[in-house]
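Q: Below is one structure. I have some questions about it.
The values are calculated or read from the model by the stated rules, or taken from the named source; none is laboratory data. For clarity, every value in this text was computed on a predicted model and none was experimentally measured. Every residue, glycine as well, gets a Cβ built from its backbone with ideal geometry; the counts of neighbours run over all protein chains shown. To get the accessible areas, we keep the full protein, side chains included, count just its heavy atoms, and leave off ligands, DNA and RNA. Shrake-Rupley method; radii C 1.70, N 1.55, O 1.52, S 1.80 Å.
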Amino acid sequence: MAAVLTYTLKQLRYVEAAGRMGSISRAATELAISQSSITAAIDALEAALGYALFLRTPPRASAPPATAPRHWR
């Protein structure tokens, strides 16, 4: 039986904004929400997927290689 992956449109918007802006902080400013809200949503999505979507090295959030495991941050 295949695993069911659950995520929200909000999480996808946050990932898109952070990727486009290159920063979770700048994405939060653009979306007029707190940085912690974006971080929590992305963390939850990464946990569901089982791998990191971003390499978080202040002041940037960059996408890691597609094969990077979740702990690669």
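Q: Show the residue pairs that are 6+ apart or on different chains and have beta-carbon atoms under 8 Å apart, the first residue being within segment 36-47 and closer than 16 Å to SER23 by Cβ and touching a residue at least 24 places away in the same chain (Cβ under 8 Å), the second being open to solvent by less than 20 Å² (accessible area, probe 1.4 Å) and aliphatic (A, V, I, L, M).
A: So the pair list comes out as ILE38/ALA17; ILE38/ALA18; ILE38/ILE24; ILE38/ALA27; ILE38/ALA28; ILE42/ALA18; ILE42/ILE24.
Q: Identify, please: which residue in segment 5-25 is at pLDDT below 90 and out of contact with any strand residue (DSSP E or B) (no Cβ under 9 Å at 6 or more places or on another chain) and is, among those, nearest to PHE54 (Cα to Cα)?
A: Only one residue fits best here, namely ARG20.
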